[in-house]
1. Here are Ala99, Ala83: which of them is more than 15 Å from the chain's Cα centre (by Cα) and open to solvent by 20 Å² or more (accessible area, probe 1.4 Å)?
2. From Tyr187, Tyr168, grab the single residue that is under 19 Å from the mean Cα position of the chain (by Cα), of a type outside the set (Val, Ile, Thr) and open to solvent by 30 Å² or more (accessible area, probe 1.4 Å).
3. Does Val91 meet the test of being assigned to a helix (DSSP H, G or I) and either in contact with a helix residue (DSSP H, G or I) (Cβ under 6 Å, 6 or more places away or on another chain) or closer than 30 Å to Gly183 by Cβ (or both)?
4. Any residue at all in the range 113-120 that is in a helix (DSSP H, G or I) and under 18 Å from Gly160 (Cα atoms)?
5. Which is of a type in the set (Phe, Trp, Tyr), in a loop (DSSP other than H, G, I, E, B) and either at negative phi or in contact (Cβ under 8 Å) with a residue 24 or more places away in the chain (or both), of Phe159, Phe170, Phe124?
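The values are calculated or read from the model by the stated rules, or taken from the named source; none is laboratory data. None of these values were measured; they are calculated from a predicted model. Cβ: placed from backbone, ideal geometry, glycine included. Neighbour counts: every protein chain shown. For the accessible areas, the whole protein counts, side chains as well, though only heavy atoms, and no ligand, DNA or RNA atoms are used. Shrake-Rupley method; radii C 1.70, N 1.55, O 1.52, S 1.80 Å.
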Amino acid sequence: MTGEPLVRCPWCGDDPLYVRYHDEEWGAPLHDDRALFELLILEGAQAGLSWHTILKRRQGYRAAYDGFDPEVVAGYGPDKLAALAADARIVRNRAKIAASVANARAFLAVREAFGSFDAYLWRFVDGRPIVGGRASLGQVPPTTPLAESLSRDLRKRGFGFVGPTIAYAFMQAAGLVNDHLTGCFRYRELVGDGKAAP
């Protein structure tokens, strides 16, 4: 006898790629610097597009961006930028590509100043995820004052494509905010296992 089907946040629909991302990654506290760098670049690439568009290109991005090694990306010169602008595996927006290199350099500067990007980022939530506790998608805001503060600080440090909406999406994805809806099985898993506190 099988149990009841899992209830998920409705935004992921039934696309297997989106469902897997929802079930395994989105909202889970992320502390690995390389993974945080990847997510930051992908969230910036999403600007004006759907996350699904970026998710489908994720493997292509990983190949094009040398596994999202920030030290390698920070060293990209004009030839590599031109190659990226011609690479059909990624979103070929020259401004986003240029920002990704600037972001790699800013990322390294933050890591130098704070010991890790993880240490810098998680201090915005005192090291513990904020639990949204929202019952419907309509209650989830596009940004928050905290995301606006993060956005301002990132921009001050030289990051681009990190406006308040992108900053909040990044916080949600990296688990600084648990915005799984209260009826979603992942909300209960993340709150219940000690990774998040109401």
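1. Working: Ala99 fails: open to solvent by 20 Å² or more (accessible area, probe 1.4 Å).
Just one listed residue meets the conditions, Ala83.
2. On the way: Tyr168 fails: open to solvent by 30 Å² or more (accessible area, probe 1.4 Å).
Every option except Tyr187 fails the conditions.
3. Details: assigned to a helix (DSSP H, G or I): no; either in contact with a helix residue (DSSP H, G or I) (Cβ under 6 Å, 6 or more places away or on another chain) or closer than 30 Å to Gly183 by Cβ (or both): yes.
No: the conditions fail for Val91.
4. Filtering the range 113-120 for residues in a helix (DSSP H, G or I) gives 113-114, 117-120.
Now narrow it down to the ones that are under 18 Å from Gly160 (Cα atoms): 117, 120.
The answer is yes; a qualifying residue exists.
5. Working: Phe170 fails: in a loop (DSSP other than H, G, I, E, B); Phe124 fails: in a loop (DSSP other than H, G, I, E, B).
Checking each option against the conditions leaves just Phe159.
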